[in-house]
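Trainee: What follows is a single structure, and I will ask about it in a moment.
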Amino acid sequence: MTNHVYKSIELTGSSPASSDEAIRTAIAKAAKTVRDIRWFEVLETRGQVDNGKVAHWQVTIKVGFTLEA
């Protein structure tokens, strides 16, 4: 097993459907320009309420990726 060094960034994804979809949206978008994403950690979950119902989710995550040698 080799030693790795990780860099992390914060992202906020959003979705009208679910917190899970908000996370997946953020990771999918980041994966287009950031290589070697390895993990994520949920930092904050919040949402918008409209007429007594959840209308939108926003999830802030920390994403870690390996640095190239």
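Trainee: Rolling a 1.4 angstrom probe over the protein heavy atoms, how many square angstrom per residue are accessible across the chain?
Mentor: In whole numbers, the chain has 75 Å² accessible per residue.
Trainee: What fraction, in whole percent, of alpha-carbon pairs in the chain exceed 18 Å separation? Numbers along the way, then the final one.
Mentor: On the way: 986 of 2346 pairs.
Tail fraction, whole percent: 42.
Trainee: So how tilted is helix 19-30 from the main axis of the chain? Cα-based, degrees 0 to 90, rounded to 10.
Mentor: In the chain, helix 19-30 runs at an angle near 40 degrees to the longest axis.
Trainee: Further, regarding this structure: In deg cm²/dmol and to the nearest 500, what is the mean residue ellipticity at 222 nm of the chain if only DSSP H runs of at least 4 residues count, each as -39500 (n - 2.57), divided by the residue total? Don't skip to the end; give the middle numbers.
Mentor: Numbers: 1 runs with 12 residues, N = 69.
Theoretical 222 nm ellipticity from helices: -5500 deg cm²/dmol.
Trainee: Suppose R0 equals 35 Å. What FRET efficiency, 1/(1 + (r/R0)^6) with r the Cβ-Cβ distance, do LYS7 and GLN48 give to the nearest 0.05? It would help to have the intermediate numbers written out before the result.
Mentor: On the way: r = 31 Å, r/R0 = 0.89.
Between LYS7 and GLN48 the formula returns 0.65.
Trainee: Here's another thing I want to ask about it. So, with a 1.4 angstrom probe, what is the percent of accessible area on the chain that is carbon and sulfur? Mind showing how you got there, number by number?
Mentor: On the way: 2570 of 5180 Å².
Carbon plus sulfur share of accessible area: 50 percent.
Trainee: Something else: Hey, what did the chain get for relative contact order, percent, Cα under 8 Å, at least 6 apart?
Mentor: On the way: 130 pairs, mean separation 30.7, N = 69.
It comes to 44 percent, rounded to a whole number.
The values are calculated or read from the model by the stated rules, or taken from the named source; none is laboratory data. Because the structure is predicted, anything quoted here is derived from the model rather than measured. Backbone-built Cβ (ideal geometry, glycine too); neighbour counts: all protein chains shown. The protein model used for the area step is the full one, side chains on, heavy atoms only, and it has no ligands, DNA or RNA in it. Shrake-Rupley method; radii C 1.70, N 1.55, O 1.52, S 1.80 Å.
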